Amino acid sequence: MNKLVISFAFPAFFALLSAGCDPFSTRGCFGGIAAIEAPFEMPQLRSPVFQDRTFDIRSYGAEAGGTVKNTDAFAAAVEACHSSGGGRVLVPAGTWFTGPIHLKSNVNLHLAKGSVVKFSDDFDDYLPPVFTRVEGIECYNYSPLVYADGCVNIAITGSGFLEGQGRAWWPWRKFNREAVRMLYQAAVEKPVTQRRFGNRRVRLRPSFIQPVNCKNVLIEGITVGSGPMWTIHPLYCENVIVRGVTLRTEGPNNDGVNPDSCRNVLIENCDFDTADDAIGIKSGLNEDGWRVNRPCENIVIRHCRFGLGEGTDSALSIGSEMSGGVRNVFIHDCRFERTSRGVRIKSMRGRGGFVENVWIEDITASRVSKEPVLVTMFYGSSTVKPLAAAAPIFRNIHVKNVRCSGAETALAITGLPESPVKHVTVENLDVSARKGLICADAEHVTLDGLKIMVEDGPLVRIANARDVAVRRAECPAGTDVFLEIAGERTAGIVLADSDLSGVLSPVATDPNVPVAAFENAVLGE
């Protein structure tokens, strides 16, 4: 019996090793991808498989050196690969100058070690316009630098470098407010087929890498430099894997990875040094997002490092373009360093939509200048104001095992009076910050296992919130006020299982707080 087990075990052992998985893990491995263990239903993603055929771009007329434009050679190699049933389009070592690259089904664009793909900064190379979504609104605009529409089984792999040369596009940022206003007006007045841009009058920048309506997408191993705007921007895609990618971007709005109304996305083992948000989860803006009505759902982010430089805003941002809804997001075992924020869930009146079922677990953060976790419905838009007053819905948000040093605020949850944030749990939060935790316009909140050190003000401030339980809190001796309660809509506050013996004033209340708000409070039990 043992011999039979061994005869099967050893092949499986070496198969796991060859796939790059840990053979001693109980989680399994799926085509080189460790099993996904999410708190929601999600399929085990596998890397797409390609035919063992290679199409070297040099065979189609490509010339290295960085001066000859190789757009036609890339297109010919992609077409030959696709037409033959798929395989690998090889970019050898060297510098290769090109316009946009449009992928097709069953094509793996493979960047060999030492290869640099350098994209043209001539705007006209990215015409005619293609179907896309810009800042949450569908339209036709300049082609992304790498683009695919309606494809199955596509990949960008290898250890080479994609250099976007986005500097030529960046001055358009100063026209962004007017450009987005025109786009928004078109979204209200015109069908998508008539929202045609891609001109220097409106000046809407394209994304860098954008698969649209694609299934089974892999981006692995490459390094990506600065493009015109958002860097990796899958739109309406299913089964997307981004792994082992290094993102080094500068310039305005150069987010790292922005899944947009996608389903089943895995982002793992990536390094982010981005000029804006590292990861931004989107699902459409206002009326156009409601019309399309495609949520972004089933997103797992694990084993990533964020903010290796000085420019990253949020490590993970959900919104503010979330009008189609966002659900089932799990970020865990990640490190934030020198980011402005850790995780930010943001929206505003007029967005509508929902964000639900978000898990933030096992996060280590240092030198986060603002909040390690921020949930807010008061995000301000500098471009367009919503025409409606539809309030967003935030619910089922869970934070567990987060350690952070050097923050401005320990954690902040802020809803709207007409749409409070609902069903939030915070467990084992260990933070040193200038200010304490804030919970305002929220309902059904549990704060369990708080260890907060602050320089100024109370450790926890609750305002206009209902059914909030604070349990197992640790409070440094000599603290002035542990819990401050404010707001006439506050009710159902419980403080329990906490040793506050070294606190001068365990609870301070605002005069507007109803007496019944803390009638059932339990101290030290």
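The values are calculated or read from the model by the stated rules, or taken from the named source; none is laboratory data. If you're wondering where the values come from, they're calculated on a predicted model, not measured in any experiment. Ideal geometry is used to build each Cβ from the backbone, glycine not excepted, and the neighbour counts take in all protein chains shown.
Go through Asp467, Asp510 for me and flag whichever is charged (D, E, K, R) and under 34 Å from the mean Cα position of the chain (by Cα).
Numbers: Asp510 fails: under 34 Å from the mean Cα position of the chain (by Cα).
Going through Asp467, Asp510 in turn, the sole match is Asp467.
Rundown of residues vs (1) more than 21 Å from Ala496 (Cβ to Cβ); (2) of a type in the set (Gly, Ala, Ser), yes/no style:
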| site | (1), (2) |
| --- | --- |
| Gly380 | yes, yes |
| Ala390 | yes, yes |
| Val426 | no, no |
| Arg434 | yes, no |
| Gly449 | no, yes |
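Can you give me the ranges of the strands (runs of 3 or more DSSP E) entirely in the range 231-332 with at least 2 residues that are surrounded by 24 or more Cβ atoms within 10 Å (Cβ to Cβ)? So that I can check it myself, show each step before the final result.
On the way: elements: 238-243, 246-248, 263-268, 271-273, 279-281, 296-302, 314-318.
Passing ranges, in order: 238-243, 263-268, 279-281, 296-302, 314-318.
Residue-by-condition table, conditions (1) more than 26 Å from Met377 (Cα to Cα); (2) modelled with pLDDT of 95 or more; (3) out of contact with any Lys or Arg (no Cβ under 7 Å at 6 or more places or on another chain); (4) not in a strand (DSSP E or B):
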site: Glu427; (1), (2), (3), (4): no, yes, no, no
site: Ala433; (1), (2), (3), (4): no, yes, yes, no
site: Val445; (1), (2), (3), (4): no, yes, yes, no
site: Glu525; (1), (2), (3), (4): yes, no, yes, yes
Select from the range 116-158 the residues that are under 25 Å from Asn239 (Cβ atoms) and of a type in the set (Ser, Thr, Tyr) and write down the one among them that is surrounded by the fewest Cβ atoms within 10 Å (Cβ to Cβ).
Thr157
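Scan the range 420-436 for residues that are within 24 Å of the chain's Cα centre (by Cα) and either within 21 Å of Asp456 (Cα to Cα) or surrounded by fewer than 19 Cβ atoms within 10 Å (Cβ to Cβ) (or both) and jot them down.
Lys422, His423, Thr425, Glu427, Asn428, Leu429, Asp430, Val431
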